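Chemist: Shown below is the structure under consideration.
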Amino acid sequence: MIDLRSDTVTKPTDAMRAAMASAEVGDDVYGEDPTVNRLQDRAAEVFEKEAALFVPSGCMANQIAIKVHTDLGDEVVIEDRGHIYLHEMGSASVISGVLLRPIRSRDRSGHLEWSEIEPALHIDHDYHGSATGLICLENSHNMAGGTVMSAHHCKDLCDRAHAHNIPIHLDGARIFNAAVALDTTVAELTRHCDSIQFCLSKGLGAPVGSMLVGSRGFIDQARAWRKRLGGGMRQAGILAAAGLIALEESPKRLHEDHANARRLAEGLAEIDGVSIDPKSVVTNIVIFDVSATGRTPAAICEDLKQQDILALGWDSVIRVVTHNGNSTEDIDYVINALVKSSSL
Ligand SMILES: Cc1ncc(COP(=O)(O)O)c(C=O)c1O
């Protein structure tokens, strides 16, 4: 199978498995797991923030951040295809008692301008509107097709939000992909954000885990909320050992995933009825429209499955995500399979 449903399907490398087998461990709820502590210290160092926390998943990291930053009844501004809004099962309402305020990005890049955010803010506390407690950003933006937000754009949003005392949380599940695409560092891209979550278990290839990064005070509160949510893990160094390799080694090869995604997009652009601008593909996510083929995404995905390819389709589009399990030959095989499936 060539599984392109997501980069979450990546399997741990041999080096990760070896590191897991020999990891030094302790009880992390007591703060005594040396491998977890090393991973947390390294993540804080790489992002040039005060502290970091290892958590089981990206969803939990995002939800802890919302919980720490907001009060009951607050509103959280987010782009209308943000993962926190679309794909976290209403957790922000369940866990934090907040209202998500989705905003459609004018250019559909997934990255809001301040002029789009500002009209949605409630900052006058007039006992009618729900006060804006937080703004959530996403870089790279998954459902917009892996698009990236520059350091300059992010700083502008942070500066303006901070002028109103509104914190910014960045869902950086794939922030290393964004940094590679923009030829910069994750520290530069996230410098002004109050908190960041990034996933070790997507393109970076670790089996489990995400990191929350921020100030010492934020992380102290996040640790308490991780425990309350059932995320206090014991000998988690077994997982952190793979996470350390993901953090140190995997970013070096993400450009290969991006090249494969671009190659795929260029091949797709040649197919009758498929709509995609290859230049818009800058990281590892390719979303293309198939409505002009006269076939549904579900029918095309079913055909692909018969040819040992897995992809996800919805509405009029199909999404494929490249990762360390794909070779250039796989990509060419997928293009040929799509040529056949789109003309059936
Ligand atoms: C942008 C984004 N944020 C958060 C998550 C959640 O990560 P996890 O699956 O580890 O909970 C995902 C997962 O696909 C994602 O794409």
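Just so you know, all these numbers are worked out from the coordinates, no wet-lab data involved. Worth saying up front: this structure is predicted, and the values here are computed from it rather than measured. A quick note on method: Cβ atoms are made from the backbone with ideal geometry, for glycine too, and the neighbour counts reach across all protein chains shown.
Chemist: Which listed residue (GLY237, VAL98, HIS122) has the Cα farthest towards the positive end of the charge dipole for the stretch 10-251, taking +1 on Lys and Arg C-beta and -1 on Asp and Glu C-beta about the Cα centre?
Modeler: GLY237
Chemist: Measure off 7 Å from each Cα along the Cα-to-Cβ vector at ALA259 and ALA120, then give the distance between these two points in nanometres to one decimal.
Modeler: Each label point lies 7 Å from its Cα, and together they span 3.8 nm.
Chemist: Are there DSSP H segments in the chain that both extend 15 Å or more along their axis (alpha-carbon positions) and score a mean Kyte-Doolittle hydropathy of at least 0.0? List them, or say none.
Modeler: TM-like helix candidates: 58-69, 237-249, 328-342.
Chemist: Please report THR8, THR70, THR13, THR35 as a ranked list, fewest other C-beta atoms within 10 angstrom at the top and most at the bottom.
Modeler: Taking fewest neighbouring Cβ atoms as first place, the list is THR8, THR13, THR70, THR35.
Chemist: If I take every Cα pair under 8 Å that is 6 or more residues apart in the chain, average their sequence separation and divide by the length, what percent do I get for the relative contact order?
Modeler: 24
Chemist: Roughly how big is the stretch 10-251's charge dipole about its Cα centre, with Cβ charges of +1 (Lys, Arg) and -1 (Asp, Glu), in debye to the nearest 20?
Modeler: 600
Chemist: In whole Å, what is the distance between the alpha-carbon centres of the stretch 274-297 and the stretch 174-226?
Modeler: 29
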